[in-house]
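Just below is one structure, and these are the notes that go with it.
The values are calculated or read from the model by the stated rules, or taken from the named source; none is laboratory data. Since we're looking at a predicted model, the values are computed, not measured. Here the Cβ positions follow ideal geometry from the backbone for every residue, glycine too, while neighbour counts run over all protein chains shown.
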Amino acid sequence: MRCVIPVVLLFGILSCSDANQSLPGSVGGFDTDTDAETMIGQWPLASPSELGLSAEPLLNLHNDVLQGRYGWIDSLLIIRDGRIAFEQYYEHDYRAVYGDEAQTLGPLVVNSPSGPYNYFNAFWHPHYKNTQLHSMQSVTKSIVSATIGIAISRGDFPDLDTPVLSFFDIDTTAHVDDQKRAMTLRHLLTMSEGLRWDENVPYTDPNNTFTVMARSLDWVQFTLDQPMAREPGIRFNYNSGASLVLGQIFLQATGIDIEAYTAQYLFQPLGITEYEWKRTPFGLADTQEGLFLSTRDLAKIAYLYLQKGRWNQKTIIAESWVNDSLRAAFELNDELRTGYGFKWWSQWYQYQDKRYIAYLGKGFGGQRPIILPDLDMVIVVTGWNILPDKPFLHAEEAIERVVLSVIE
């Protein structure tokens with residue numbers, strides 16, 4: 001296990017023998033070649049007390065992670081007021097954890113035990129080829145949404161009310177009817193496209209539509225060929241294929257691969273230089289789960305949204321797009337009053353007898369960039385809890401436990 005924590009916490013964590021390490025190439029959280037005022041590569045550190053936080057609840061959470069209460073957690077990072085208050089990395093031997101499953105073909109071992117869509121293969125998941133780049137899974141969708149917003153503001157991407165089928169050959173698309181013709185880019189962004197799709201059962205279930213899609217060669221065509229279940233725009237229904245269709249449309253509309261566009265207009269301004277992006281069997285950038293980032297770089301994406309699209313006094317994403325993305329296009333009517341916008345989720349939490357709203361991405365296995373605007377805070381959790389009915393750190397509990405530390 002590798003830990004990076006502000007000095008005030010070092011003496012409180014006896015179980016972390018190397019707690020005084022900092023990330024490679026940094027001293028006290030700053031890049032040694034970069035002035036703090038123009039820092040974009042690293043995050044400044046501060047003690048929890050400097051940021052109005054109590055260390056004890058954070059240590060309690062850390063110790064529960066160590067004890068396995070939340071299964072396989074890989075990192076926990078808390079940022080307030082633009083500074084790291086708490087940062088932990090937990091190393092696990094995933095070759096041993098999922099060794100048997102990795103050799104058994106099934107819904108989570110797609111095509112080949114050695115391939116990038118074997119979710120048990122430790123060469124690919126959760127870290128990319130033994131690096132610190134962690135699989136984002138469906139948080140990739142949230143980042144793709146950011147890229148689309150940038151492309152729209154630059155005039156490179158069409159209006160969201162453009163019909164989806166205007167980018168495809170109707171003659172080679174199955175089940176075309178008036179409802180499918182009415183499907184727009186906005187419906188793909190909000191997962192209200194109306195296609196018949198069941199991704200609500202576990203991914204270990206061979207009847208999950210995603211697992212059926214993953215066994216095909218052309219994932220975009222598979223998605224488009226599904227029959228309509230309802231009129232578009234009526235109901236939210238989780239559909240990873242919708243994000244793949246957006247990726248194909250992005251390539252056709254801009255003439256630029258979305259990976260290259262994201263690198264130039266989103267990652268570069270944020271100082272994100274290391275990432276990986278898986279490809280579908282057809283060669284398309286996997287826009288529904290293919291991205292790998294470090295924990296700190298994922299925090300930059302969340303913090304960018306906390307700052308309404310601005311980074312180092314420069315607008316990276318239009319504030320209007322940030323607002324539209326975080327605003328719930330659909331309220332899901334569960335007890336958390338969860339909502340879904342442009343590939344971002346929202347949910348309510350309690351703090352000092354009042355209810356506040358959080359915004360977050362959700363990725364298979366436990367990837368959670370969480371934005372708490374009212375507390376000027378970002379929480380990032382990564383993990384690899386990919387089997388059903390196992391311990392898991394849900395966003396609501398992560399928020400609840402971190403908010404316990406807020407003292408001002």
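The table below gives the values:
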item: Candidate set from segment 362-376 (those that are in a loop (DSSP other than H, G, I, E, B) and touching a Lys or Arg at 6+ places or on another chain (Cβ under 7 Å)); member that is surrounded by the fewest Cβ atoms within 10 Å (Cβ to Cβ); result: Asp376
item: Yes/no for Ser142 being more than 18 Å from Thr295 (Cα to Cα) and among the hydroxyl-bearing types (Ser, Thr, Tyr); result: no
item: Single residue of segment 98-129 satisfying the filter (in a helix (DSSP H, G or I) and over 17 Å from Tyr203 (Cβ atoms)) that is nearest to the chain's Cα centre (by Cα); result: Gly99
item: Scan of segment 249-281 for residues that are part of a helix (DSSP H, G or I) and of a type in the set (Val, Ile, Thr), ordered by number; result: Ile249, Thr254, Ile258, Thr262
item: Subset of segment 195-215 [farther than 23 Å from Ala328 by Cβ, out of contact with any strand residue (DSSP E or B) (no Cβ under 8 Å at 6 or more places or on another chain) and touching a residue at least 24 places away in the same chain (Cβ under 8 Å)]; result: Pro202, Tyr203, Asp205, Asn208, Thr209, Phe210, Thr211, Met213, Ala214, Arg215
item: Identity of the residue in segment 223-252, of a type in the set (S, T, N, Q) and closer than 17 Å to Val176 by Cα, that ends up surrounded by the fewest Cβ atoms within 10 Å (Cβ to Cβ); result: Gln226
item: Of residues in segment 130-148 being among the aliphatic types (A, V, I, L, M) and in a helix (DSSP H, G or I), the one farthest from Thr382 (Cα to Cα); result: Ile148
item: Enumeration of residues in segment 304-319 that are farther than 20 Å from Tyr261 by Cα and either of a type outside the set (Lys, Arg) or in contact (Cβ under 8 Å) with a residue 40 or more places away in the chain (or both); result: Leu306, Gln307, Asn312, Gln313
item: Top-ranked residue in segment 200-222 [being touching a Phe, Trp or Tyr at 6+ places or on another chain (Cβ under 8 Å) and hydroxyl-bearing (Ser, Thr, Tyr); ranked as surrounded by the most Cβ atoms within 10 Å (Cβ to Cβ)]; result: Thr209
item: Residue among Pro107, Pro113, Pro57, Pro158 that is out of contact with any strand residue (DSSP E or B) (no Cβ under 8 Å at 6 or more places or on another chain), surrounded by 15 or more Cβ atoms within 10 Å (Cβ to Cβ) and modelled with pLDDT under 95; result: Pro107
item: Positions within segment 144-194 being of a type in the set (Lys, Arg) and touching a residue at least 60 places away in the same chain (Cβ under 8 Å), in sequence order; result: Arg154
